[in-house]
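One structure below.
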Amino acid sequence: MDNTTIDKIHLCLNEISICKQLFDSQKVDDVCGRLLSIYIMIRADDITKMWSHSLPKGEIERILSDEIKNKYNCKFRHIRDKLGAHYQTVAEDKTIDIFENSRIFRSFDYGSISEFIDELFLAENLIEEIETEYIGFEFLDDFNMALEAIDTLYADDKASITNSALELFGFNKGGVITFSNEQRKAQFLKGIELMANYAYTLVNKPYCSIVIKRLFKRLLICIIYNYHDNLYTRKEIKPDKEQYEEGFDLMYKNLYTPKDDKKLLDSVFEDFERLYRTNEFFKKNRKIRDRACGHFDEKSNITEINTILDSLSIDEMYEQYTNMLNLFNFICKNIFFANPTTTST
């Protein structure tokens, strides 16, 4: 492997090490632990791809890396694909399956994730023929700030009624199970909202190390793009493609009742876009998500990857996300059959 590839693999493993340190603190709640696991699988995907593209077939290092890659593909890749780098909601029969994503979200545990992390580290050490130590949290203050954020999020000891698709079967949680695709899409958006709240709380700390800030920024960008791509239908993906999903923008009108104000709601997405240019913003910045967050661009070095990441303002992106959140809540509060999906206690 060339030095650029090794450097990117080391960055992936260091970010995984940071997540593992938070796990090992035993301070994370159920949702936060699973969210960190999802991010680990985003970076594991990069590692296994870089191994496959860099190590010659037939060599002992490639055989070893292929074993890890096969385990990732069989046990963990669906976590990354369905909940992380993307947030896919459509089942094979083209219905929106609220149970499938909840099942995936609850299908992995710390024991299996921790074992896989150890295998990643060991495999890279064997490939490089040198044992590399990953710093993770370089400064104790950064570690404590992250734990402080996690403590404010901790919810395993709080009973609540939720409409988030991810929390329906969580600790001390209950909620409404809906039966229409439109209402389920709304519940998925509520689930992504929960993830965004966790990620923003983690990134919004004055960390000493830019490494920590960038990790949580990458996570937040992935989540906010997932929110956008479920609220809006991506026009650049043709309907006959596997990746195509209708967004809430093409679905919400199916929930109208005679009492709903159609005149108020019919053009709400068009009016919103004229005011905030949200689609324009996300289209312009998608390369940042693609090259520095959901994937690490294999043609770029670490400096180039981090430079493109640093070019996007967290505040600007979060403001756009907040605008989308307000739009979604406005629609749901003005449609009788959508209103229950925004209510939590």
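The values are calculated or read from the model by the stated rules, or taken from the named source; none is laboratory data. From a predicted model like this one, the values you see are computed outputs, not experimental measurements. Neighbour counts are summed over all protein chains in view; Cβ atoms, including those assigned to glycine, are modelled from backbone coordinates with ideal geometry. Areas reflect the complete protein model, heavy atoms only, side chains present, ligands, DNA and RNA absent. Shrake-Rupley method; radii C 1.70, N 1.55, O 1.52, S 1.80 Å.
In table form, for the structure just shown:
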{"item": "The range 282-303 - residue that is more than 19 Å from the chain's Cα centre (by Cα) and free of Cβ contacts under 8 Å to residues at least 40 places away in the same chain and, of those, least open to solvent (accessible area, probe 1.4 Å)", "result": "Ser300"}
{"item": "Flag for Asp297 being touching an Asp or Glu at 6+ places or on another chain (Cβ under 9 Å) and either assigned to a loop (DSSP other than H, G, I, E, B) or farther than 18 Å from Glu182 by Cβ (or both)", "result": "yes"}
{"item": "Some residue of the range 38-46 being in contact with a Lys or Arg (Cβ under 7 Å, 6 or more places away or on another chain), touching a residue at least 12 places away in the same chain (Cβ under 8 Å), within 22 Å of Arg77 (Cβ to Cβ) and aromatic (Phe, Trp, Tyr)", "result": "no"}
{"item": "Residues being without any contact (Cβ under 8 Å) to a residue 24 or more places away in the chain and either buried (at least 23 other Cβ atoms within 10 Å of the Cβ) or under 14 Å from the mean Cα position of the chain (by Cα) (or both) - total across the range 1-18", "result": "0"}
{"item": "Residue list for the range 204-259, restricted to those being free of Cβ contacts under 8 Å to residues at least 12 places away in the same chain and open to solvent by less than 40 Å² (accessible area, probe 1.4 Å)", "result": "Ile237"}
{"item": "In the range 252-294, the residues that are in a loop (DSSP other than H, G, I, E, B) and either farther than 30 Å from Ile42 by Cα or among the polar types (S, T, N, Q) (or both)", "result": "Tyr256, Thr257, Pro258, Lys259, Asp260, Asp261, Asp266, Ser267"}
{"item": "Whichever residue in the range 15-51 is of a type in the set (S, T, N, Q) and assigned to a loop (DSSP other than H, G, I, E, B) and, among such residues, is nearest to Glu128 (Cα to Cα)", "result": "Ser25"}
{"item": "Every residue from the range 304-338 that is part of a helix (DSSP H, G or I), polar (S, T, N, Q) and open to solvent by 60 Å² or more (accessible area, probe 1.4 Å)", "result": "Thr307, Asn326"}
{"item": "Some residue of the range 40-60 being in contact with a Leu (Cβ under 6 Å, 6 or more places away or on another chain) and either open to solvent by 20 Å² or more (accessible area, probe 1.4 Å) or more than 15 Å from Asn301 (Cα to Cα) (or both)", "result": "no"}
{"item": "Subset tally (residues that are modelled with pLDDT of 90 or more, open to solvent by 10 Å² or more (accessible area, probe 1.4 Å) and farther than 17 Å from Glu148 by Cβ) for the range 25-39", "result": "0"}
